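**Student:** Have a look at the structure that comes next, please.
The values are calculated or read from the model by the stated rules, or taken from the named source; none is laboratory data. This structure is a prediction, so every number in the text was calculated from the model and none was measured. Note that we place each Cβ from the backbone using ideal geometry, even for glycine, and neighbour counts take in every protein chain shown.
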Amino acid sequence: MKDKSMNKFGGEFWDERYSSIGFVYGTEPNIFFKHELDKLQTGNILLLGEGEGRNAVYAATQGWEVDAVDFSTIGKEKALKLADENNVKINYEVVNLSDYTFKLKDYDAIAIIYLHLKPKIRSKIHSQVFNSLKSNGILILEVFEKDQLGRTSGGPQNIDMLYSKEEIEKDFEKMQINSLEKIVIELDEGEHHRGEAVVLQLVAEKLDH
């Protein structure tokens, strides 16, 4: 099943996807997210498009205060269940990201893991990410690159909703980019994220000016 329905980018598609008994993308955190988060001192973190909660719950088990946002009510239910199973608490809000009110200068870290939006919404959200980070706050991002188009290992089959390095650099030009790489990885995150994939991995920091 391809992710064309992400063009509608509402909760209905994701509620349907998350309605299975198991966790669609597994319960283990994204490898890149975990690797980068483990380098940081704990604080407040925001996870956008968090789905069934695997990254949010991992962060909470490490001592982070976690806010998570997604379109899907079922995603939230499963995330809270996963949190309960791990004896942690997460604050999870179901809202269309275009209507989400970001807290100003509140977060020590923000994570965007495989969140793919229409370009106008994406650039708006990314600018609000900058405003929502504290000074020296860190952004961790992993998304599908445009060369992912046509591959069956995950992501929307819509070139406009995939990313290029140039788009990422432009969206986060106010931040110090500590690393930005286009790489080919082997995904193993459930049936919809499996196989060779072309991704972008970004770590960026908000500095005082």
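**Student:** For residue 89, only one of the following conditions fails: (1) in contact with a helix residue (DSSP H, G or I) (Cβ under 7 Å, 6 or more places away or on another chain); (2) farther than 22 Å from residue 34 by Cβ; (3) charged (D, E, K, R). What is its number?
**Tutor:** Tallying (1) in contact with a helix residue (DSSP H, G or I) (Cβ under 7 Å, 6 or more places away or on another chain); (2) farther than 22 Å from residue 34 by Cβ; (3) charged (D, E, K, R), residue 89 fails exactly one: (2).
**Student:** When you scan region 141-157, do you find a residue that is in contact with a helix residue (DSSP H, G or I) (Cβ under 7 Å, 6 or more places away or on another chain), of a type in the set (A, V, I, L, M) and not in a loop (DSSP other than H, G, I, E, B), even just one?
**Tutor:** no
**Student:** Go through (1) surrounded by fewer than 22 Cβ atoms within 10 Å (Cβ to Cβ); (2) closer than 19 Å to residue 185 by Cβ; (3) in contact with an Asp or Glu (Cβ under 7 Å, 6 or more places away or on another chain) for residue 135 and report which single condition fails.
**Tutor:** Answer for residue 135: the failing condition is (2).
**Student:** Which members of region 168-182 meet the condition of being assigned to a helix (DSSP H, G or I), in contact with a Leu (Cβ under 9 Å, 6 or more places away or on another chain) and buried (at least 16 other Cβ atoms within 10 Å of the Cβ)?
**Tutor:** 168, the sole residue that qualifies.
**Student:** OK, next. Which of the residues belonging to region 188-209 are surrounded by 14 or more Cβ atoms within 10 Å (Cβ to Cβ) and in a loop (DSSP other than H, G, I, E, B)?
**Tutor:** Selection gives 189, 190, 192, 193, 206.
**Student:** Inside region 1-118, counting only strands (runs of 3 or more DSSP E) that do not spill past its ends, which hold 1 or more residues that are modelled with pLDDT under 95?
**Tutor:** On the way: elements: 44-48, 65-70, 91-94, 107-113.
Because the criterion is at least 1 residues that are modelled with pLDDT under 95, the strands (runs of 3 or more DSSP E) in region 1-118 that meet it are 65-70, 91-94.
**Student:** Another question, then. Determine whether residue 129 is part of a helix (DSSP H, G or I) and aliphatic (A, V, I, L, M).
**Tutor:** Considered against the rule, which asks whether it is part of a helix (DSSP H, G or I) and aliphatic (A, V, I, L, M), residue 129 comes out as yes.
**Student:** Just a yes or no: is a residue in region 118-132 within 20 Å of residue 30 (Cα to Cα), surrounded by 15 or more Cβ atoms within 10 Å (Cβ to Cβ), among the hydrophobic types (A, V, I, L, M, F, W, C) and touching a helix residue (DSSP H, G or I) at 6+ places or on another chain (Cβ under 8 Å)?
**Tutor:** Checked region 118-132: no residue is within 20 Å of residue 30 (Cα to Cα), surrounded by 15 or more Cβ atoms within 10 Å (Cβ to Cβ), among the hydrophobic types (A, V, I, L, M, F, W, C) and touching a helix residue (DSSP H, G or I) at 6+ places or on another chain (Cβ under 8 Å).
**Student:** Charged (D, E, K, R) and over 26 Å from residue 64 (Cα atoms): is that true of residue 205 in this structure?
**Tutor:** Against the criterion (charged (D, E, K, R) and over 26 Å from residue 64 (Cα atoms)), residue 205 does not qualify.
**Student:** Can you run down the residue pairs with Cβ atoms below 9 Å, 6 or more apart or on separate chains, where the first is in region 176-195 and of a type in the set (Lys, Arg) and the partner is assigned to a loop (DSSP other than H, G, I, E, B) and surrounded by 12 or more Cβ atoms within 10 Å (Cβ to Cβ)?
**Tutor:** 182/164; 194/152; 194/153; 194/154
**Student:** Scan (1) in a strand (DSSP E or B); (2) surrounded by fewer than 18 Cβ atoms within 10 Å (Cβ to Cβ); (3) at pLDDT 95 or above for the single condition residue 185 breaks and write down its number.
**Tutor:** Every listed condition holds for residue 185 apart from (3).
**Student:** Return the pairs, sorted by first residue and then second, in which the second residue is surrounded by fewer than 19 Cβ atoms within 10 Å (Cβ to Cβ), the first residue lies in region 135-157 and is without any contact (Cβ under 8 Å) to a residue 12 or more places away in the chain, the beta carbons are less than 9 Å apart, and the residues are 6+ apart or on different chains.
**Tutor:** So the pair list comes out as 150/157.
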